[in-house]
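Peer 1: Can you read through this structure? Questions will come right after.
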Amino acid sequence: MKRREFLIHGLGLASTAAGLASASAAAQSKESPAQGHRTLDLELFDAGRRRPVPTRLYLPLQAHPGKPVPLVVFSHGLGGSRMGYRYLASHWADAGMASLHPQHVGSDHEVWRGNPLELLQRLQSAARETEALARVLDLRFALDRILNSDHSGWIDASKIAVAGHSYGANTAMLSAGAKVDTGSALMNELQDSRIKVAILISAPPLVGQGPAAKVLGAVSVPTLHITSLEDTINIPGYRSTVQDRIAIFEAMARSSRTLAVYNTGGHSIFTDRTTRSGSETSARIKGATQALCTIFLRQTLGVGPQMSSMPAPGLQAPLHSGQQALPETPSAPQNLQQWRERHEGLLERFVSV
């Protein structure tokens with residue numbers, strides 16, 4: 001297998017799931033007072049790469065320059081957009097952690113549009129080495145712009161996490177320190193030292209790179225791995241199962257890491273979609289994933305539980321009558337052991353080392 005194909009098969013996993021521009025920014029904001037956060041849509045443009053990077057920022061109401069909050073930078077799967085994975089982003093923001101969602105224009109929802117007979121070609125193009133590199137640079141660019149914008153004082157630059165689903169988990173792995181050999185110097189220098197924690201959901205393997213330990217053994221930041229028994233993808237010429245996700249978990253021997261394997265739910269259940277698992281199962285998996293990620297982020301980034309959601313001065317209008325933010329309840333799990341006990345019925349396997 002050619003080195004440049006190291007992500008093509010991995011991307012196939014995601015294919016089933018369905019201004020701060022160079023000098024200024026055009027931003028649209030939407031208040032979500034009942035949820036305790038606000039969203040900002042930023043039309044970013046990387047002039048150096050001549051590449052648009054549309055981005056959505058979920059910002060907790062209580063964030064302000066005197067009280068900066070941690071930030072999760074999230075990479076969507078193939079065919080996604082900055083609008084996706086709202087169930088995670090909103091939950092994190094309600095819990096007091098901002099969430100930044102750049103859109104990868106070469107592998108976003110546009111791949112599903114156009115002539116159906118050319119879909120496979122579009123998917124293969126989105127999976128090429130150039131796009132794999134571009135996605136990592138998208139994350140870095142969006143993070144650079146936020147940390148050098150009017151919102152910089154609202155973000156705690158010492159508490160930055162990266163997360164991603166499917167192809168986005170590949171992107172997150174590269175940002176967190178995975179090493180790939182492609183013959184390109186740029187591909188060997190993708191690790192972002194600002195990343196302190198990584199969340200990998202349904203992570204595909206980086207194939208064609210030799211043993212997983214060689215590729216992932218250098219990752220040293222704490223990692224959370226989430227998958228399910230039914231997280232299996234079959235496409236022409238490729239098959240990947242939950243065992244691939246477990247192998248990635250085991251290969252990160254330098255990382256303090258946690259693995260959660262649900263006993264139900266397929267690859268797409270970790271998106272905003274309900275999927276064929278049904279609304280009840282989907283809601284249970286998503287709720288458990290929200291809580292697990294939040295506990296993990298708090299513990300690894302050193303963040304206390306969110307107890308109030310007072311709006312930042314000048315950012316948020318007062319809550320409407322009868323509306324309130326959604327802080328953690330006293331009965332909510334506060335550590336991994338409590339989370340495991342609460343969701344035991346959903347779990348096939350849970351490991352924290």
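Peer 1: Kindly write out, for region 66-76 in residue order, the coupling ³J(HN,Hα) from the Karplus curve 6.51 cos²θ - 1.76 cosθ + 1.60 (θ = phi - 60°), rounded to whole Hz, with x marking Gly and Pro.
Peer 2: After applying 6.51 cos²θ - 1.76 cosθ + 1.60, I find x, 9, x, 10, x, 9, 10, 9, 10, 10, 7 Hz.
Peer 1: Still on this model: Multiply the residue separation of LYS214 and ASN234 by 0.36 nm, subtract the distance between their alpha-carbon atoms, and state the gained length in nm to one decimal.
Peer 2: Length gained, LYS214 through ASN234: 4.6 nm.
Peer 1: Mind ordering 68-81, 144-157 by average Cβ neighbours within 10 Å, highest first?
Peer 2: Averaged packing, sorted descending, gives the order 68-81, 144-157.
Peer 1: Provide the FRET efficiency to the nearest 0.05 for the GLU189-SER158 pair, computing r from the beta carbons and using R0 = 22 Å.
Peer 2: So the FRET efficiency works out to roughly 0.50.
Peer 1: Let me ask something additional. Taking a probe of 1.4 angstrom, what is the accessible area of ARG56 in Å², to the nearest 10?
Peer 2: Per-residue accessible area (ARG56): approximately 20 Å².
Peer 1: For a quick check of understanding: with a 1.4 angstrom probe and all protein chains in place, what accessible area in square angstrom does LYS214 have, to the nearest ten?
Peer 2: 130
Peer 1: Still on this structure, please answer the following. If you take the beta carbon distance between ARG50 and ASN148 as r and set R0 to 22 Å, what does 1/(1 + (r/R0)^6) give as a FRET efficiency, to the nearest 0.05?
Peer 2: For ARG50 and ASN148, the calculated efficiency is 0.65.
Peer 1: Pop a pseudo-label 7 angstrom from the Cα along the beta-carbon direction at both GLN243 and GLN338 and give the gap in nm to one decimal.
Peer 2: Output for this residue pair reads 3.8 nm.
The values are calculated or read from the model by the stated rules, or taken from the named source; none is laboratory data. Remember, predicted model here, so these are calculated numbers, not experimental data. Note: ideal-geometry Cβ built from the backbone for every residue, glycine included; neighbour counts use all protein chains shown. Protein only, heavy atoms only, side chains kept; ligands, DNA and RNA dropped before computing areas. Shrake-Rupley method; radii C 1.70, N 1.55, O 1.52, S 1.80 Å.
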